[in-house]
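Written below as structure tokens is the structure these notes are about.
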Amino acid sequence: MKELVLKPKKLPELPLEAEVITPDSVAGKTLKEVKALPVYVGNTVHELGDYFDVKGETAETPSDQLVAIQGECGNVKYIGAGMTAGRLIVEGCVGMHAGAEMEGGELIVTGSASNWAGAEMKGGLLRIHGDAGHQLGAAYRGSPEGMTGGVIVVGGDVGLEAGAFMRRGMLIIHGNVDSFLGVHMNGGEVFVFGKVARRFGAEAKGNGGFIACFGGVESILPTYVYDTTFRPDFMKLYLRQLRDQLGIEAAGKFLEASFKRYRGDIAVGGTAEILVVEP
């Protein structure tokens, strides 16, 4: 795998929109062509080389391309947006829309991510070691679908409306989650090892989707009905996958856990499941 290294220079005060920072955009180009890729500050067009030192090698195809950003990019938007293959590693924080509409490949952020990370994600792996902002893996305003595939792993806390309008895919959160997790979700799997704030699962319809809560919940909506307490075999399979394939060590602690199951949201005729681990 060929490695291309980007090091931020002095970034602008306004957000820098850099959708071109993906393996797809740089593969098959010379370093001169990579430096000339367009980025945006407000309504003005600049070149990538104006704000990043560019070194290393480019591969012929995105699947053979590694892009490494060595430095903080908290003011850079759309890093990894729409990528389909390859690897992108950010050694620091990223701005809004990181990994939005990803279809494949792997995006790793060693710091935190701002709002709309992984929005409407379709495939691939987005791993954020720090915190994530609001609307993680959510649908953009007016869109009927959020995540439809892929995996998002967050090592810290997450803001409002994570997984909103989720249809498929997997969302794994180590820390706490703010209100309206999984609002309008209609499929997919959510695992939270921290505490879940109120109103999660609001207007969820189901279609096989569930929210598994391992660190406690603030409250459960009255439109969810308690069903049973059990030890689901399918949960063991999921937890082993999280531990063995994704390195989520916390998952291994709950292989023999019992769960309370709630079904809803009956306000919309939903059959989604909330699974709350027994102490």
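The values are calculated or read from the model by the stated rules, or taken from the named source; none is laboratory data. Values in this document were obtained by computation on a predicted structure and should not be read as measured data. Note that each Cβ is placed from the backbone with ideal geometry, even for glycine, and that neighbours are counted across all protein chains shown.
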So the check is Cβ under 7 Å with 6+ separation or different chains; which pairs have a first residue in the range 129-145 that's more than 16 Å from T110 (Cβ to Cβ) and free of Cβ contacts under 8 Å to residues at least 60 places away in the same chain and a second one that's acidic (D, E) and in a loop (DSSP other than H, G, I, E, B)? H134/E161; Q135/E161; A138/E161; A139/E120; A139/E145; Y140/E120; S143/E120; E145/E120
Could you give me the residue pairs with C-beta distances under 9 Å whose first residue belongs to the range 23-49 and is within 27 Å of G124 (Cβ to Cβ), whose second residue is small (G, A, S) and in a strand (DSSP E or B) wherever it lies, and which are 6+ apart or on separate chains? L31/G56
Does G137 satisfy the criteria of being part of a loop (DSSP other than H, G, I, E, B), at pLDDT 95 or above, of a type outside the set (S, T, Y) and within 20 Å of R127 (Cβ to Cβ)? yes
Failed criterion for G28 (all others in (1) in contact with a His (Cβ under 8 Å, 6 or more places away or on another chain); (2) at positive phi; (3) surrounded by fewer than 16 Cβ atoms within 10 Å (Cβ to Cβ) hold): (1)
Residue match in the range 260-277 (condition: more than 29 Å from Y140 (Cα to Cα), without any contact (Cβ under 8 Å) to a residue 60 or more places away in the chain and either among the β-branched types (V, I, T) or in contact with a Phe, Trp or Tyr (Cβ under 8 Å, 6 or more places away or on another chain) (or both)): yes
List the number of the failed condition for K7; all other conditions in (1) surrounded by 17 or more Cβ atoms within 10 Å (Cβ to Cβ); (2) part of a strand (DSSP E or B); (3) within 26 Å of the chain's Cα centre (by Cα) hold. (1)
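Here's the yes/no breakdown for (1) under 25 Å from the mean Cα position of the chain (by Cα); (2) under 18 Å from A117 (Cβ atoms):
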{"position": "T30", "(1), (2)": "no, no"}
{"position": "V39", "(1), (2)": "yes, no"}
{"position": "A59", "(1), (2)": "no, no"}
{"position": "V76", "(1), (2)": "yes, yes"}
{"position": "I79", "(1), (2)": "yes, yes"}
{"position": "G82", "(1), (2)": "yes, yes"}
{"position": "L88", "(1), (2)": "yes, yes"}
Of all residues making up the range 186-217, the number that are more than 16 Å from K260 (Cα to Cα) and part of a loop (DSSP other than H, G, I, E, B): 14
